[in-house]
Amino acid sequence: MSTARRRTQGGSAGDDQSVLITDYPHPNEGLVEKDEGTPDIRGDRRNIAILLFLYILQGIPIGLIAAIPMLLQNRGASYKQQAEFSFAYWPFSLKLLWAPIVDSLYVRRFGRRKSWLVPVQYLLGGFMMFLSYFVDRWLGGDGVEPNVALLSLLFFLLNFLAATQDIAVDGWALTMLKRCNVGYASTCNSVGQTAGYFLGYVVFIALESKDFCNKYMRDVPLNEGMITLPRFLWFWGIVFVVATTLVAIFKKENDIEDAHTDARYTEEHELNIRQSYKILWDMVKMRPVQILGAILLTVKVTFSASDAVTSLKLIDAGVPKDQLALLAIPLIPLQLVLPLVMGRYTNGPRPMDVYVKAIPYRILLAAVATIFAYATPFMVQKGNVPVYYYVLLITLYACYQVFLYSMFVAAMAFFAKISDPAVGGTYMTFLNTLCNLGGNWPNTVVLWLVDVLTWKQCTTVTDNTCLNKSDQQSCESSQGKCEITFDGYYLESFFCVLYGIIWVLLVHKWIVYLQDLPVRSWLVVKHKSR
């Protein structure tokens, strides 16, 4: 049950494409923190403000992409189409594939990071302005089928650009700030992306909803919200272009000449493209990494039905999408405090103990979320959602977040413990990539399977099972309606929970085995002899 496809992941945690809970990738989980000396922001205030603003811009397209499934659901998109669109979330989980190129190729006179940041942000702005002209037509509605294939491709490209901008900003953050202030880069990342995501998802969904605007912000009701998707895209496209121009002209990158001698650069920054990909291949060949990879790529299957489908089912049952988005607001304090609290229990020598203990509770809450979705039509009558329903939903979401963050913080602590310090940033990013992919692929699969496993029947034609679009149109032409006789979502939820129980029983010993390995077992092959 994910409220938006953004995971609350510390650098992209959010695992989080649905209403509530998300286990989608935090775009910057691999950002390396270097804290040398006592922080002193004198002389760095402007740089911190620039970084914060760049991360806010980065969060806008991420939030928008999380909002699109809500709009598609209200326009009658099928779950197969939702699965198709879910590929738009994948670039942040795959950015390691082209990150070495961004790190290694640049125009020295213009700046190592600006060589990528400036053109990519211009492309982001231009792309958003282009989308503003056609996106309403492609979203469909009023009897028009949404063009999900084209939307998926375009928003995948938009997210690809945002992921590339993220690589450039992460790298620039390490050299833009003084050595003693580099720790603030992580804060700018977390706060900026959260703010941008909030603007692109929560604020947009609320102000786009005519019901929300008419109820809370207008004296005279109108037939549309205060903003539309085309206007929102156009506005932020202009902001991207203007902001990029200002950065290109007025912000100099002063680290180019001494890039290879500055202590702020680690060995991994000095690697060329071939060396970077060679290190990645060496990691893949390591037996402990292979076992850990298998664990990370399979563990989130058990939560996928809840994370990917539950929020969409709530919308189908009549819960307004704007209210679901706004539920994220009261949870923000909890999301800020949880990593700090969980850190106290994961900073020891066995962080994965917390990880393993959290899984059964998260499985239980995923099952409760399924029951809650089943009961929603009985609690929500004719679009009227009682207050107690929102109280129950927020409580369920808050409890789920506790165990989601427990797993996330424990995994990040374990990654930090085992990462080879000689290639620490690359190692951490590689493990985070596996972690994020482990959430993406199951969510895409379960969304696609919902329609496959669901049985429908036309109310007026007994031999019409509404298997395809033509059957549905035939049913509608006979004044009938395709009604669900068996919802595949509940079958998926049952098998996901059963899978989770079996997974814990079989895999628990392997997690213990990995945690008991000496740190030297995790060193990249080329460094073991040093």
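Counting only lysines at least 8 places from LYS417 when in the same chain, those with an alpha carbon closer than 25 Å to its own are LYS34, LYS95, LYS278, LYS285, LYS300, LYS357, LYS509, LYS526, LYS528. Ellipsoid fit via the Cα gyration tensor, the chain: semi-axes of 39, 29, 21 Å, each the root of five times an eigenvalue, largest first. At 10 °C and 1.306 mPa s, grab the translational diffusion coefficient of segment 320-377 from Stokes-Einstein with a Kirkwood Rh over Cα pairs, rounded to a whole number in µm² per second. It diffuses with D of about 113 µm²/s by this estimate.
Projected onto planes of every orientation and averaged, the convex hull of the alpha-carbon atoms in segment 173-252 covers 7.1 nm².
Annotation: per residue accessible area for segment 402-476 equals 38 Å², rounded to a whole number [probe 1.4 Å, protein chains only].
When ILE50, ILE315 are compared by accessible surface with a 1.4 Å probe, the order from highest to lowest is ILE50, ILE315.
Between PHE110 and VAL402, the FRET efficiency from the beta-carbon distance, with R0 = 45 Å, is close to 0.45. When each of the peptides 56-68, 368-380, 351-363 is scored by how many other beta carbons lie within 10 Å of its residues on average, the order from highest to lowest is 56-68, 351-363, 368-380.
For segment 268-307, the alpha carbon positions stretch 42, 22, 12 Å along the principal axes, listed from largest to smallest. Accessible surface area normalised per residue over segment 58-175 is 33 Å², counting heavy atoms of protein chains with a 1.4 Å rolling probe. The phi torsions of segment 387-392, fed into the Karplus equation with coefficients 6.51, -1.76 and 1.60 and a -60° offset, translate into couplings of 4, 4, 5, 5, 5, 5 Hz, rounded to whole numbers, with Gly and Pro shown as x. Scaling against 2.2 N^0.38 Å puts the C-alpha radius of gyration of segment 344-490 at 1.51.
Take the Cα of THR395, step 7 Å toward its Cβ, do the same at VAL512, and the gap between the two points is 3.6 nm. Label zone (SER477, point 7 Å along Cα-to-C-beta; backbone nitrogen cut-off 12 Å) within segment 110-146: none. DSSP assigns beta bridges within the chain; of those with both partners inside it, close to 90 percent run antiparallel.
Summarising the label geometry, the points placed 7 Å from Cα in the beta-carbon direction at LYS80 and THR462 lie 2.8 nm from one another.
What the phi angles of segment 46-63 give under the Karplus curve with 6.51, -1.76 and 1.60, with θ = phi - 60°, is a coupling list of 5, 5, 5, 5, 5, 4, 4, 5, 5, 6, 4, 4, 4, x, 4, x, 5, x Hz, glycine and proline written as x. Normalised by 2.2 N^0.38 Å, where N is the number of residues, the C-alpha radius of gyration of segment 296-412 stands at 1.16. Summed over qualifying helices (DSSP H, 4 residues or more, each -39500 (n - 2.57)) and divided by its residue number, the chain shows a 222 nm mean residue ellipticity of -21500 deg cm²/dmol.
When the C-alpha to C-alpha distance is required to be over 20 Å, none of the pairs from LYS210/LYS382; LYS178/LYS252; LYS80/LYS313 qualifies.
For segment 101-244, the fraction of 1.4 Å probe accessible surface lying on carbon and sulfur atoms is 65 percent. Among the cysteines of the chain, those whose beta-carbon sits 4.7 Å or more from every other cysteine beta-carbon are CYS180, CYS188, CYS213, CYS399, CYS435, CYS496.
Relative to one another, the C-alpha centroids of segment 106-177 and segment 317-378 are positioned 30 Å apart.
The values are calculated or read from the model by the stated rules, or taken from the named source; none is laboratory data. In this text, all values refer to a predicted model and were calculated from it rather than measured experimentally. Heads up, the Cβs are rebuilt from the backbone with ideal geometry, glycines too, and the neighbour counts pull from every protein chain shown. All accessible areas refer to the heavy atoms of the entire protein, side chains included, with ligands and DNA or RNA removed. Shrake-Rupley method; radii C 1.70, N 1.55, O 1.52, S 1.80 Å.
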